[in-house]
Amino acid sequence: MRQDQLDGLVTFVQVARQRSFTWASQQLGVSPSAVSQVVRSLERKLGVVLFKRTTRSVNLTEAGAQFLRQIEPLVEELAKAAQHISENASVPSGELRLIATTSAYLAVLRPALSSFLKLYPAIDVDVVLRESKVDLVLEGFDAGLGLAAQVERDLVAVSVGSELRMGAFASPDYLARRTAPNHPSDLYQHDCIGYRLGDRGALERWSFENGQESHHIRVKSRLVYNSPIALMQAAVDGLGIAYMPDGHLSALLQKGQLTRLLSDWSPTVSPYMLYFPDRRSISNRLRLLIDHLRHAAVEA
């Protein structure tokens, strides 16, 4: 059977079961004339008469009865398949593959992940942490999470967090041994913990501004990490001053494990962004994650 001959099979089965164009039309939610037209079109495509019609009755021809026996089980399976896919579509499911910087994961995704998984138990989340840029399509990720500077121009990006402030942070233990800096230039006299992007990238510059002055400092570091978690922990351990965004440090600041230094010099940066290749092809589960993260950011 050609593809176009599949049109009207459900209508044919309904008329055959009801033995009435009128009753079939009620089941299908269309007019009796529309049902009659579909059946005539199917008969023309098949080249056979399927029904014997009188003013008072509708009965199958021999060819129609044979056709019904053959296709009725298939139409039932099609109906079940359509119902199954519709039910699945109403229950969000499938895998979300995400790539995130460690800081973005700790600040945005981690606090909201438990509630998201409870809310959508059929969605699986696969998270890869990486600090460098990545080709989402080439590596098969649904979306990425990081600072705006990491988002390529051809990607769609939405804000999923509050405004961030970069800053210098140290532990009370470190500050008990050393005088806190009053100016960015004082950092040259301190133990500054360096952060390197990737295995062999350059050390991150520390930027400070207060509305009148701006300073971009290349600190000399005896201790260097390429992991934001290790950098944060080293600062907590009193090994020196670290330069980080404050998004994932709120708990440590509240507990007094870290102290912000040079607070009047802390520049603001854009919120963390969730980015993906194409708004038109965004999956329902990714849309739900975006809404969940944005809602969590408002409540925070």
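What follows draws every value from the coordinates through simple rules; no lab data is involved. Predicted model, so just to flag it, every value in this text is computed and none were measured. Cβ sites come from the backbone with ideal geometry, for glycine too, and all protein chains shown count toward neighbours.
Taking other residues whose beta carbon is less than 10 angstrom from the beta carbon of Ser93, and scoring Lys, Arg as +1 and Asp, Glu as -1, yields -1. Using a cutoff of 8 angstrom between alpha carbon atoms and counting only pairs six or more residues apart, the relative contact order for the stretch 164-269 works out to 49 percent. The calculated 222 nm mean residue ellipticity attributable to helices in the chain amounts to -11500 deg cm²/dmol, summing -39500 (n - 2.57) over DSSP H runs of n ≥ 4 and dividing by all residues. For helix 9-18, what angle does its Cα long axis make with the longest principal axis of the chain, in degrees from 0 to 90 and rounded to 10? Once rounded, one gets 50 degrees.
Shape verdict for the stretch 164-269, please, from the Cα gyration tensor: rounded (a/c under 1.5), prolate (a/b greater than b/c) or oblate. Verdict is rounded for the stretch 164-269.
Among Val10, Val134, sorting on how many other beta-carbon atoms sit within 10 Å of each Cβ, with the fewest leading, yields Val134, Val10. Axis of helix 62-90 versus longest Cα principal axis of the chain: the two differ by about 20°, to the nearest ten degrees. For the pair the stretch 233-300 and the stretch 115-164, the centres of their Cα atoms are 13 angstrom apart. In percent, rounded to a whole number, the relative contact order of the chain is 21, using alpha-carbon pairs under 8 Å and six or more apart. Note on the chain: with charges restricted to the Cβ of Lys and Arg (+1) and Asp and Glu (-1), its dipole about the Cα centre is near 960 debye. Looking at the stretch 2-63, the trypsin sites (Lys or Arg not before Pro) that sit in a DSSP loop and have at most 12 other Cβ atoms within 10 Å of their own Cβ are Arg2, Arg56. Among residues other than Val15 with Cβ under 13 Å from its Cβ, the summed charge is +3 (Lys and Arg +1, Asp and Glu -1). Calculated from the structure at hand, percent of Cα pairs over 36 Å apart is found among (i) 12; (ii) 46; (iii) 16 as (ii). Assuming charge only on the beta carbon of Lys and Arg (+1) and of Asp and Glu (-1), the dipole of the stretch 164-269 about its Cα centre is about 220 debye to the nearest 20. A dipole drawn for the chain from +1 and -1 charges on Cβ atoms has a positive end, and of Ala242, Thr55, Gly140 the residue lying farthest that way is Thr55.
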